[in-house]
Amino acid sequence: MRAMPVRSATGRGEGGCTTTCPGHYTPGSSVLSSFLRWLATNMEGRMSCISTGDGSLMHATFQVNRNQWVSLVCMVEASIPDDRLKMRIFNGSLISFKALEYNATIDFYWSPLLVESNSDNPIIHRVEYRIIRADRIERHANVWKDADIIVFNSYLWWRKQKDDMRMKVMYGSFEDGDARLDEMEMIDGFEIALKKLTEWLGENIDKNKTRIFFAGSSPTHSWASDWGGEDSNKCLNETEPIYKTGYKAATTDYSLMAKAKSYFKTLEPKGIHVQILNITELSDYRKDGHPTVFRRQFVPLTKKQIANPASYADCTHWCLPGVPDVWNEFLYGYLMYK
């Protein structure tokens, strides 16, 4: 575990953007600047956006929606100019932002497939094929179980990256000698994870304490032909959103959100409500919101790579400030007015 003071990055570069805190978040620039005060006065426990936190919000999610966590942290920390009063703590799959003066925490927890899987390492998770454990969620759930607010998100990792992509599902364990491995369509694996999550929520969540959200799918813009462009450019040099009313990208799978709704509806008789954050459709229009070849990376792209956006343009993650800020406005609205 390591802790360090928070210092913002220098921000948006010429023609590009950053997916970490830039210098464009200023105190009072968003209604989220009051989020911190709300946390301090309304939270006795933790708030979570999967990932999790003491007066805390947790995010349990995968990499792209770390964008949402970073956006929220950027907004809040802009209202805390003194670096001594804020810090980030890195502890494996859990990253925590702490606002010390308010005793408030906003956490991010890496659990990309909701249940335990072979992709749970937050750094080394690119594997040849993905395996989930159908009956194992406790290792993740123990992290978020005490949160006051949890925001789950698990879509991108269930999308097919190629036509023959399938999910491997493990039942039992090698330790007990009853391990069994099945293979199925990605959406069928998604249902297994949803079923286990729903069971866990129904048995463990205090409906009088914890509020639960499930964020919709974050669209990608990798196929420019969807809006009349050239696929070889992906979303490079896009400066305006899509204006066609009712636009839905061919690669945006709305059926996954429908599946999630159907499972969470079974919790209603127990008095447990999971609010869907429907960020999908509005984000589908924003082909102009991605870092493309200008995303900051540990190893900068070469000129040759920059000239090949079809292979190297990032049209999945989002620039900050940008689209994830709007997702957090939605979250804030639900927290304040419902």
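For segment 135-267, just say rounded, prolate or oblate: build the C-alpha gyration tensor, square-root its eigenvalues into a ≥ b ≥ c, call rounded for a/c under 1.5, and beyond that prolate if a/b exceeds b/c, oblate if not. Oblate shape, in that a/c is at least 1.5 and b/c is the bigger or equal ratio. Extension gain, residue 161 to residue 126: 0.36 nm times the residue separation minus the Cα-Cα distance gives 11.3 nm. Multiplying the residue separation of residue 268 and residue 237 by 0.36 nm and removing their Cα-Cα distance gives an extension gain of 6.6 nm.
How would segment 135-192 be classified by its alpha-carbon gyration tensor: rounded, prolate or oblate, with rounded meaning a/c under 1.5 and the a/b versus b/c comparison settling the rest? Taking the square roots of the gyration eigenvalues as a ≥ b ≥ c, segment 135-192 is oblate. Subtracting the Cα-Cα distance of residue 225 and residue 188 from their residue separation scaled by 0.36 nm leaves 10.4 nm.
Ranked for footprinting exposure by Cβ neighbours inside 10 Å, fewest first, 317, 59 give 317, 59. Descending by average beta-carbon neighbour count within 10 Å, the peptides 102-111, 210-219, 191-200 line up as 102-111, 210-219, 191-200, the highest first. Footprinting exposure proxy ranking of 244, 287, fewest other C-beta atoms within 10 angstrom first, gives 244, 287.
Projecting label points 7 angstrom from Cα along Cα→Cβ for residue 244 and residue 276 puts them 2.3 nm apart.
Every number here is computed from the coordinates shown, using simple stated rules; none is lab data. No experiment lies behind these values; they were computed from the predicted model shown. Don't worry about glycine lacking a Cβ; one is built from the backbone with ideal geometry, like all the others, and counts go over all protein chains shown.
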